[in-house]
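First comes the structure, then the notes that go with it.
What follows draws every value from the coordinates through simple rules; no lab data is involved. Note that the coordinates shown come from a computational prediction; the quantities given were computed from them, not determined experimentally. For neighbour counting, all protein chains shown are included, and Cβ atoms are generated from backbone atoms with ideal geometry for every residue, glycine included.
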Amino acid sequence: MSPANAANPAWITVPAAESLPEKVSAEIDPIVKKIGFVPNVARLLAISPDHFVGWWRYFDELMRGPSGLTKTQREMIAVVVSAEARCPYCVAAHAAALRLRTKDSASVDRLAANYRHVDLAHQDRVMLDFAVKLTQTPEACDEDDSVRLRDVGFTDADILHIVEVTAIFNYNVRLATATGLFPNAGYHELGRTAAATAG
């Protein structure tokens, strides 16, 4: 097995960062300008540009579009689901995004290690417990989960959004781990300086 590296960050050959298909570049350029590098997941999915575009537009809407969930809550789900699935790429990428939003790298590091040991708002605790249940034992989900989520203030639209974010990260971690996708080195430093700002 060839180790992933910056030149080819997966177990399958991906396009170079400077050679992305035009339709991939058009979608990802705003993120590249913000963080300073091409996310390796864009290079991976650029193998099938139409797949990238479909995935990216849905993912971007889930993570940054209008919602009753805050963008911080969405990134918390991303980090915790990725950590529970032990996905190095997704943990690195979304811990970085959460650091940029919260300006609290110590709390994000603890969340990525084990969210159960982090002091969280009750609503966030219920949300993350549900996301982990859906990730680990989806067959155990029942109507009581929706009741618990409503009881802490989530609407039905919010509950569906929690399910969608959890589901797409269950997809993302499998995409990344099955292909040996290696996180960009730049993710490890994002959000760790005083000058960092959220997008």
So, in nm, how far is label Asp109 from label Glu22 when the simple model puts each one 7 Å beyond its Cα toward the Cβ?
4.5 nm
Modelled FRET efficiency - R0 35 Å, Trp11 with Glu143, Cβ distances, 0.05 increments:
0.30
Hey, can you list the DSSP H helices of the chain whose Cα span along the axis is 27 Å or longer and whose average Kyte-Doolittle score is at least 0.0?
156-178
All aspartates and glutamates inside 15 Å of Lys23 as judged from Cα atoms, apart from same-chain residues fewer than 8 positions distant:
Asp50
Size of charge dipole - the range 38-127 - debye, nearest 20, with Cβ of Lys, Arg +1 and Asp, Glu -1, no other charges:
120 debye
Helix-only mean residue ellipticity at 222 nm, the chain, DSSP H runs n ≥ 4 weighted -39,500 (n - 2.57), per residue, nearest 500. What is it?
-19500 deg cm²/dmol
Applying 1/(1 + (r/R0)^6) with R0 = 22 Å to the Cβ-Cβ distance of Tyr58 and Ala178, what FRET efficiency is obtained, to the nearest 0.05?
0.65
What cysteines in the chain have no other cysteine with a beta carbon less than 4.7 Å from their beta carbon?
Cys141
